[in-house]
1. Pulled fully out, how much extra length does the chain show between Asn108 and Asp214, if you take 0.36 nm times their separation in residues and subtract their Cα-Cα distance?
2. Run the reach check for Lys142 against aspartates and glutamates, Cα to Cα strictly under 17 Å, same-chain hits fewer than 8 apart removed. What comes back?
3. Ranking request for peptides 115-128, 4-17: highest mean number of other beta-carbon atoms within 10 Å first, then the rest in descending order.
4. Can you compute 3J(HN,Hα) from phi for each residue in the stretch 76-82, using the Karplus curve 6.51 cos²θ - 1.76 cosθ + 1.60 with θ = phi - 60°, rounded to whole Hz and x for Gly and Pro?
5. Work out the FRET efficiency for His172 and Leu232 from their Cβ-Cβ distance, taking R0 = 25 Å, and round it to the nearest 0.05.
6. How much net charge surrounds Cys152 when only the other residues with a Cβ under 11 Å from the Cβ of Cys152 are counted, with Lys and Arg +1 and Asp and Glu -1?
7. Over the alpha-carbon set of the chain, divide Rg by the Kirkwood Rh and report the Rg/Rh ratio to two decimals.
8. Name the residues of the stretch 96-116 whose amide N is less than 11 Å from a point 7 angstrom out from the Cα of Lys194 along the C-beta direction?
Amino acid sequence: MIALITGATAGFGKATAELFAKNGWDIIICGRRKERLASMAAELSKKYNVKISELSFDVTQLDEVKNAIASITGSWKNIDLLVNNAGLAVGLSPIQTGEIDDWERMINTNIKGLLYMTRLVAPIMIENKKGHIVNIGSVAGKEVYPNGNIYCATKHAVDALNRAMRIDLVQHGIKVTSIAPGLAETEFALVRFKGDADRAKTVYNGIDPLKGEDIAEAIYWAATRPAHVNILDIVLTPAAQGNSTTVIRK
Ligand SMILES: NC(=O)c1ccc[n+]([C@@H]2O[C@H](COP(=O)([O-])OP(=O)(O)OC[C@H]3O[C@@H](n4cnc5c(N)ncnc54)[C@H](OP(=O)(O)O)[C@@H]3O)[C@@H](O)[C@H]2O)c1
């Protein structure tokens, strides 16, 4: 079995690569940070005796995505699973003062990056007559929260695209699943607050957040159901989170 995972250099993607490798899957790991991809490939292939292929590209750059997918040849084209995971939040400001550059980054990565990947990988799956696409959404794609405006909008778009691509691809036997996590401790908050580690830590103050491994398990479970079963949508939060704005902190 072969999985292609975007955003595999950190957080959910990294944990997912590890769990699938542990279960004997060969994996195409993607991300911009080449050195991380190289060390992960060396570690996972040795630890689990699986094949790991590295593709370093920026999902927001259509030419880079096209070149990366075109470089997948031979048996690697037999992709069983695409995990559209690369994404980010940048900034947390009211709509009237938000940084437009931050908005562009979120829209380009979370929506356009996911679309480019899907547009280029789905035809390969159709040719193979099999495949499964897992889109990483968020509770921010189910509800909105103060100052979350553009990030929430991009994840609502992912939620809509998840449902839309399913009805387009069902005739080709391709499954489509959304995984929508709540608060999870990864590099996400550090990216959102542009490297401000102290502010990033406050996001997880007094709670036991989700970990990358929790999301990896949800993805793995959805990807390993029997052929006749498709999981449409998994929403998971830490036990301390009631919704985006109700978080019980000790
Ligand atoms: N953590 C949370 O609380 C949370 C909750 C719900 C949903 N999510 C979603 O889960 C997904 C993964 O987030 P995470 O928490 O694992 O964050 P993370 O630890 O910051 O990891 C993000 C990954 O995305 C990749 N990435 C970002 N921009 C990219 C680009 N332009 N091109 C290629 N790769 C790019 C990064 O790799 P490089 O930097 O190496 O390119 C990295 O591997 C995102 O879609 C996020 O919106 C996160």
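1. Values: separation 106, 0.36 × 106 = 38.16 nm, distance 2.66 nm.
That works out to 35.5 nm of additional length.
2. Qualifying aspartates and glutamates at Cα under 17 Å: Asp159, Asp233.
3. Details: 115-128: 17.9, 4-17: 26.4.
Highest to lowest by the protection proxy: 4-17, 115-128.
4. 5, 6, 7, 5, 8, 9, 10
5. Details: r = 17 Å, r/R0 = 0.68.
FRET efficiency, His172 to Leu232: 0.90.
6. Details: positive: Lys142, Lys155; negative: Glu143, Asp159.
Counting the neighbours of Cys152, the net charge comes to 0.
7. Values: Rg = 17.4 Å, Rh = 18.3 Å.
Reported Rg/Rh, Kirkwood definition of Rh: 0.95.
8. Answer for this model: 99-102.
Bear in mind these aren't lab numbers, they're just calculated from the coordinates by the rules spelled out. As the structure is a computational prediction, the values presented were derived from the model and not from experiment. All Cβ positions, glycine included, derive from the backbone under ideal geometry; neighbour counts span all protein chains shown.
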